[in-house]
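Worksheet: the structure to be examined is printed underneath.
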Amino acid sequence: MQLPRDPSNVAHALVAAFPTRLASDVQSVLAVMPEARLAPMMPFEVEVQGETVVIPSRIYNEEPGADLKRPLAGTQQVILHCLYSRHSDGRVRQRHLEQIVASGEPWVVPFVVQLAGEYVLEILEAIGRGLPELAVPGSAQRRLYGEFIARNPAFFARTERRVVSYWSCYYRWKYGAFGTYPGCVLLEAFRAAVVEQVGAQWPRHTPRPAGGRG
């Protein structure tokens, strides 16, 4: 699905990627972003702390220059990085992901989890590096991601299936066992987070890692 081409509708669509309380901050970010050559594509819905947001899978805006980005406040900088983590160029996605992956803001989480279901290996590795506490029981990162996944089971199931598909298509030659693939390692950390959050097992949509349970 493609989002509307009309600039006002496109702006509305990008504002909808964040909680409503951030609308004015998002507008400030959109004001410094160059006009896109194509409309945002393939939006997906998730729930963030009880509110539905609609995030594009891809945007096609060029990155703003440093002089344009300079006036943006802290939260606005995070919003900018979230939006460009959706960029059509994988290198751009990775660069902006690395600026937000360690954020403790709940509205950043879906941008990170969506990237875990994509095909760029370096992005998967960047997520793993940026979430070192995800494997630590009781940590803030584990609670943050566990809560999000518990609220969005269908989105996480879709992410699981995408990870398996990309492994099978592009990386099976390098990682003969799915359990050794960085995408699987991430999914298992996410799964542990949601199991800890809900206190029960969670449905699985991937091959079970060798020796794994649950």
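Taking the residues in the range 131-162 that are touching a strand residue (DSSP E or B) at 6+ places or on another chain (Cβ under 6 Å) and open to solvent by less than 50 Å² (accessible area, probe 1.4 Å) as candidates, determine which candidate is nearest to Pro106 (Cα to Cα).
Asn152
With respect to Ser24, is the statement that it is of a type in the set (S, T, N, Q), exposed (fewer than 13 other Cβ atoms within 10 Å of the Cβ) and outside any loop (DSSP other than H, G, I, E, B) true?
Yes, satisfied.
Do we have any residue at all in the range 103-110 that's of a type outside the set (Ser, Thr, Tyr), more than 13 Å from the chain's Cα centre (by Cα), crowded, with 16+ Cβ neighbours inside 10 Å and under 24 Å from His87 (Cα atoms)?
Within the range 103-110, none of the residues are of a type outside the set (Ser, Thr, Tyr), more than 13 Å from the chain's Cα centre (by Cα), crowded, with 16+ Cβ neighbours inside 10 Å and under 24 Å from His87 (Cα atoms).
Of all residues in the range 163-214 being among the aromatic types (Phe, Trp, Tyr), open to solvent by less than 40 Å² (accessible area, probe 1.4 Å) and in a helix (DSSP H, G or I), which is modelled with the highest pLDDT?
Looking at residues that are among the aromatic types (Phe, Trp, Tyr), open to solvent by less than 40 Å² (accessible area, probe 1.4 Å) and in a helix (DSSP H, G or I), I get Phe190.
Look at the range 35-58 and say how many of its residues are of a type in the set (Gly, Ala, Ser) and open to solvent by less than 20 Å² (accessible area, probe 1.4 Å).
2
Might you check whether a residue that is assigned to a helix (DSSP H, G or I), among the hydroxyl-bearing types (Ser, Thr, Tyr) and over 21 Å from Val195 (Cα atoms) occurs anywhere in the range 154-162?
No, the conditions are met nowhere in the range 154-162.
The values are calculated or read from the model by the stated rules, or taken from the named source; none is laboratory data. This structure is a prediction, so every number in the text was calculated from the model and none was measured. We place every Cβ from the backbone using ideal geometry, glycine too, and count neighbours over all the protein chains shown. We work out accessible area using only protein heavy atoms, side chains counted, and drop any ligands, DNA or RNA first. Shrake-Rupley method; radii C 1.70, N 1.55, O 1.52, S 1.80 Å.
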